[in-house]
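Here is the structure we will look at, set down as structure tokens.
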Amino acid sequence: MNDGRVNDGRLGTGRSRIAVAGASGLIGGALVRSLTADGHEVVRLVRHAPGGPDEVRWDPENGRVDASGLEGCDAVVNLAGAGVGDRRWSDAYKTRIRSSRVHGTTALAEAVASLERSPRVFVNGSAIGFYGETGDRPVDESAPAGEGFLPGLCVEWEAAAAPAREAGVRTVFPRTGLVVARGGGAWGRLFPLFRAGLGGRLGDGSQYWSFVALHDEVAAIRHLMDRDDLSGPFNLTAPRPVTNREVTVAMGRVLHRPAPFAVPAPVLRAVLGEMAGDVLGSARVLPTRLLDSGFRFAFPEIDGAIRAAL
């Protein structure tokens, strides 16, 4: 059981030990590179037999983790989960999306709560899918959850971290937007299309995309890890969301490629199934709490975020 001894060493000074689930993903990989470059010790949670002291065995979908490997960690970061945009949402894949997040978070939160010496912070990933469809209405962290598969998933995902929070561990939920990066996510698919001159708006292009540069995503997560006065949900999105039409124009401008095409909504629905609702949906999300905490974006505008990813 947790005996109340919480590590209070700041991650920004000295060498810290940090456990990361999802270290092979787009955001997790970038976070690991940033932490190791600054001299921190990173412990990766892996699904195979550990290959050394820097790996800890876990099985997120079945809710199992070797808690002993987390002893002595200053922070535990959970960014694991089956890719939401990797394939069509069949009932089976939706179950996998949910179990990889909810069961994995529950296992990690319970492991954190059981440690003899608690980590200073538990960072548990979430997403702006929490808000669902917002149209042109701006929302921040004070807004309630929306309706549908993704909002319901995010509510369960965050609630699964309760054991860590109830044990007195500061718990943070970075609700991540659309990450602008070449290596994965929505932009990982957009870059090749636009480079080939095949880019264009999706649907009528009026839907808002709340983006964040990968650099700012990592910097914001580290900001949330470092600040002992910050807990709860934080939107990790640039200060000015843009429409899909604006994204299309910016991609063409930065990559010096025309973007003449448009993918009609019926075609997207035929190709993507239920997931098309989230591609065509609008989420105008603002990072109010992050800005209020003093965080400053290196790439607050869409052109700069795209250039940073090149």
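The values are calculated or read from the model by the stated rules, or taken from the named source; none is laboratory data. If you're wondering where the values come from, they're calculated on a predicted model, not measured in any experiment. Please note: Cβ atoms are built from the backbone with ideal geometry, for glycine as well, and neighbour counts cover all protein chains shown. Note: accessible area is taken over every heavy atom of the protein model, side chains too, but ligands, DNA and RNA are not part of it. Shrake-Rupley method; radii C 1.70, N 1.55, O 1.52, S 1.80 Å.
If you take the residues in the range 203-241 that are more than 19 Å from ILE27 (Cβ to Cβ) and assigned to a strand (DSSP E or B), which one is most open to solvent (accessible area, probe 1.4 Å)? Taking the candidates together, the pick is TYR208.
Quick one: is SER142 open to solvent by 10 Å² or more (accessible area, probe 1.4 Å), among the hydroxyl-bearing types (Ser, Thr, Tyr) and outside any helix (DSSP H, G or I)? Spelling it out, SER142 is indeed open to solvent by 10 Å² or more (accessible area, probe 1.4 Å), among the hydroxyl-bearing types (Ser, Thr, Tyr) and outside any helix (DSSP H, G or I).
When residues in the range 242-258 are screened for being outside any helix (DSSP H, G or I) and open to solvent by less than 10 Å² (accessible area, probe 1.4 Å), 1 of them pass. Just the residues that are closer than 23 Å to LEU214 by Cα and among the charged types (D, E, K, R), please, taken from the range 139-196. Within the range 139-196, ASP140, GLU141, GLU158, ARG175, ARG182, ARG189, ARG195 meet the criteria. Scanning the range 104-120 for residues being under 17 Å from ALA80 (Cβ atoms) and either in a strand (DSSP E or B) or of a type in the set (A, V, I, L, M, F, W, C) (or both) gives a total of 5.
Pairs meeting the criteria (first residue in the range 30-52 and on the phi < 0 side of the Ramachandran plot and among the polar types (S, T, N, Q), second residue part of a strand (DSSP E or B) and surrounded by 12 or more Cβ atoms within 10 Å (Cβ to Cβ), beta carbons under 8 Å, at least 6 apart or on different chains) are THR36/VAL42.
Residue-level analysis places THR105 among those that are touching a Phe, Trp or Tyr at 6+ places or on another chain (Cβ under 8 Å) and modelled with pLDDT of 95 or more. Filtered by the rule that a residue be open to solvent by less than 30 Å² (accessible area, probe 1.4 Å) and touching a Gly at 6+ places or on another chain (Cβ under 7 Å), the range 22-58 gives GLY22, ALA23, GLY28, VAL43, VAL56.
With respect to the conditions (1) open to solvent by less than 10 Å² (accessible area, probe 1.4 Å); (2) touching a Leu at 6+ places or on another chain (Cβ under 9 Å), ALA67 lacks only one, and its number is (1). GLY125 meets the conditions (1) of a type outside the set (A, V, I, L, M, F, W, C); (2) free of Cβ contacts under 8 Å to residues at least 60 places away in the same chain; (3) open to solvent by less than 20 Å² (accessible area, probe 1.4 Å); (4) under 15 Å from PRO60 (Cβ atoms) in every case but one. The failed one is (2).
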